[in-house]
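A.B. asks: Please read through the structure below; I'll follow up with questions.
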Amino acid sequence: DRPTLAVVGATGAVGTVMLSILSQHADIWGEIRLIASPRSAGKKLTVRGEEVEVVALAEEAFEGVDVAMFDVPDEVAAQWAPIAAAKGTVVVDNSAAFRMDPDVPLVVPEVNPHAARVRPRGIIANPNCTTLSMIVAVGALHAEFGLRELVVSSYQAVSGAGLAGVEALRAQLKLVAGTELGTTPGDVRRAVGDDTGPFPEPIALNVVPWAGSLMDDGWSSEELKVRNESRKILDRPDLPVSVTCVRVPVITTHSLTVHARFENEVTVDRAHEILSTAPGVVLFDNPGAGEFPTPADVVGTDPTWVGRVRRSLDDPTALELFVCGDNLRKGAALNTAQIAELVAAELRGNS
Ligand code: 2RA
C-alpha cells in the first residue's frame, strides 16, 4: 500500500511548485489530498495529470494521511501541525513555527538525512529558503574541511515574499519601464508611489537591504534565521555566522555570497572536486569564459549552483563562493518533498 500524502497550502506560490514537483517525481504516493483554507475549498488543481478538488483545512481532512507537507503562514502551522501529528500524520512543515524547537529536526536530505528519523513531536521542519539556497554546498565543504565561520550576504528574489512580492515587482517594473528613471534621488520612489507591496522600499531598479521583521540590535528576522538554522542543520550550535539579507529585483532564485573559514588550509582544486561531486550541487565556475551561475539561468532548476570559488587572499583557510538556488524549488517545495520521500521510504521499511 502506497502512503497517503496531504499538501496543506496547495494554492500558494510554494504549493503550486509542490504540485508540479509531485507530478515530476517517481510516483511513490497513493492518494494525494489537497488541503487549503476554507476560502480555496472546492477549487480544482492538477496533480499527476489529474484534477483534484481542494478540501478545507479541518481535523477530518487528516484522516488516513501518512505524511502532510505544510506550506502555510507560521500561525496556521503552529495551530494545525500538532493537530495533524496527533492523528498519526508525520508533518513536514515549511513555516518558521517549529524550526528552532529542540524536539523538531530541521532537515536537508543531502546534509543531515539521519535527523529526520528522530521526531518526538511527529513534526519535521523545512529550513528557510535563504538558508536552503546555500546550505547544500556549504554542508559538502563542511563535511570535508570542517567549518569555523560563515559570513554571508543574500540577494533574495521577490517570490520569497510570496505572490504579493512577485506582483509588487511586476507592477513597479511597468511603472519604470522605458523611462530614464534611476538618475536622481527619489525619482523611482515617486514613480512607484507609496504602495511598495511587501517591501519597505521600491524594488524595481533598486536593492533593499531588508527581509523579514526587526529583531534586537538592528538584525532582521531573516538574518537570524539563516544564522540559527545553519547552526542547527550543521550541528554546530556555536558556529560564528554573520548574515546580511538584501532583496533584489529578481522574480525567483536567491543568490548568496559566502565567506567560509575552515579548520585548515584549503585549496580551490579540492573545493572544486568536492562541489563537482556533491549530490544536489552543480559547479559552474569558469569566469574566463563568463561561466558563473545567475538567477536568470538557475530559475526552475533543482540543484544549488556554485561559481566564483576563490581562496581568500588574506586567509588560506577560507573560501569565497557565489551560490544560486531556486527559492521555490530547493528553497521550499523540493526540499519539503525530499523530506516527505525520506519519511515514505522509512514507513515502507517499517511496514
Ligand atoms: C524571503 N526567505 O525570501 C523569505 C521567505 N521565507 O522573504
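The values are calculated or read from the model by the stated rules, or taken from the named source; none is laboratory data. Here the structure is a predicted model, which is why all the values come from computation and not from measurement. Neighbour counts run over all protein chains shown; Cβ positions are idealised from the backbone, glycine included.
A.B. asks: Picking from 345, 337, 296, which residue would you name as being of a type in the set (A, V, I, L, M, F, W, C), in a helix (DSSP H, G or I) and crowded, with 16+ Cβ neighbours inside 10 Å?
C.D. replies: On the way: 345 fails: crowded, with 16+ Cβ neighbours inside 10 Å; 296 fails: crowded, with 16+ Cβ neighbours inside 10 Å.
Exactly one of 345, 337, 296 is of a type in the set (A, V, I, L, M, F, W, C), in a helix (DSSP H, G or I) and crowded, with 16+ Cβ neighbours inside 10 Å, namely 337.
A.B. asks: Just checking, does the stretch 222-235 include any residue being surrounded by 16 or more Cβ atoms within 10 Å (Cβ to Cβ), assigned to a loop (DSSP other than H, G, I, E, B) and either of a type outside the set (Lys, Arg) or in contact with a Lys or Arg (Cβ under 7 Å, 6 or more places away or on another chain) (or both)?
C.D. replies: Yes, the stretch 222-235 contains a residue that is surrounded by 16 or more Cβ atoms within 10 Å (Cβ to Cβ), assigned to a loop (DSSP other than H, G, I, E, B) and either of a type outside the set (Lys, Arg) or in contact with a Lys or Arg (Cβ under 7 Å, 6 or more places away or on another chain) (or both).
A.B. asks: Let me ask something else about it. Strands (runs of 3 or more DSSP E) wholly in the stretch 1-76 with at least 1 residues that are touching an Asp or Glu at 6+ places or on another chain (Cβ under 6 Å) and either surrounded by 13 or more Cβ atoms within 10 Å (Cβ to Cβ) or at pLDDT 95 or above (or both) - which ones? Before the answer, list the steps.
C.D. replies: Values: elements: 5-8, 32-36, 44-47, 50-53, 67-70.
By residue number, 44-47, 67-70.
A.B. asks: Run residue 281 past the list (1) within 14 Å of the ligand (Cβ to nearest atom); (2) hydrophobic (A, V, I, L, M, F, W, C); (3) surrounded by 18 or more Cβ atoms within 10 Å (Cβ to Cβ) and report the number of the one that doesn't hold.
C.D. replies: With (1) within 14 Å of the ligand (Cβ to nearest atom); (2) hydrophobic (A, V, I, L, M, F, W, C); (3) surrounded by 18 or more Cβ atoms within 10 Å (Cβ to Cβ) applied to residue 281, the lone miss is (1).
A.B. asks: Name the residues in the stretch 77-99 that are surrounded by 14 or more Cβ atoms within 10 Å (Cβ to Cβ), in a loop (DSSP other than H, G, I, E, B) and either in contact with a Pro (Cβ under 6 Å, 6 or more places away or on another chain) or of a type outside the set (A, V, I, L, M, F, W, C) (or both), would you?
C.D. replies: 87, 89, 94, 95, 99
A.B. asks: Moving on to the next point. Do you know which residues across the stretch 131-151 are within 13 Å of the ligand (Cβ to nearest atom) and touching a Leu at 6+ places or on another chain (Cβ under 7 Å)?
C.D. replies: Passing the criteria: 133, 134.
A.B. asks: Something else now. Against the definition (in contact (Cβ under 8 Å) with a residue 12 or more places away in the chain and closer than 30 Å to residue 114 by Cβ), how does residue 196 come out, yes or no? Give the derivation first.
C.D. replies: Working: in contact (Cβ under 8 Å) with a residue 12 or more places away in the chain: yes; closer than 30 Å to residue 114 by Cβ: no.
Here the answer is no, as residue 196 does not meet what is asked.
A.B. asks: When the residues of the stretch 171-193 are filtered to those that are free of Cβ contacts under 8 Å to residues at least 24 places away in the same chain and surrounded by 14 or more Cβ atoms within 10 Å (Cβ to Cβ), which remaining residue is nearest to the ligand (Cβ to nearest atom)?
C.D. replies: 192
A.B. asks: Hey, among 117, 99, 148, which residue is in contact (Cβ under 8 Å) with a residue 24 or more places away in the chain, more than 29 Å from residue 321 (Cβ to Cβ), touching an Asp or Glu at 6+ places or on another chain (Cβ under 9 Å) and not hydroxyl-bearing (Ser, Thr, Tyr)? Please lay out each step first, then the result.
C.D. replies: On the way: 99 fails: more than 29 Å from residue 321 (Cβ to Cβ); 148 fails: more than 29 Å from residue 321 (Cβ to Cβ).
Of 117, 99, 148, the one residue that is in contact (Cβ under 8 Å) with a residue 24 or more places away in the chain, more than 29 Å from residue 321 (Cβ to Cβ), touching an Asp or Glu at 6+ places or on another chain (Cβ under 9 Å) and not hydroxyl-bearing (Ser, Thr, Tyr) is 117.
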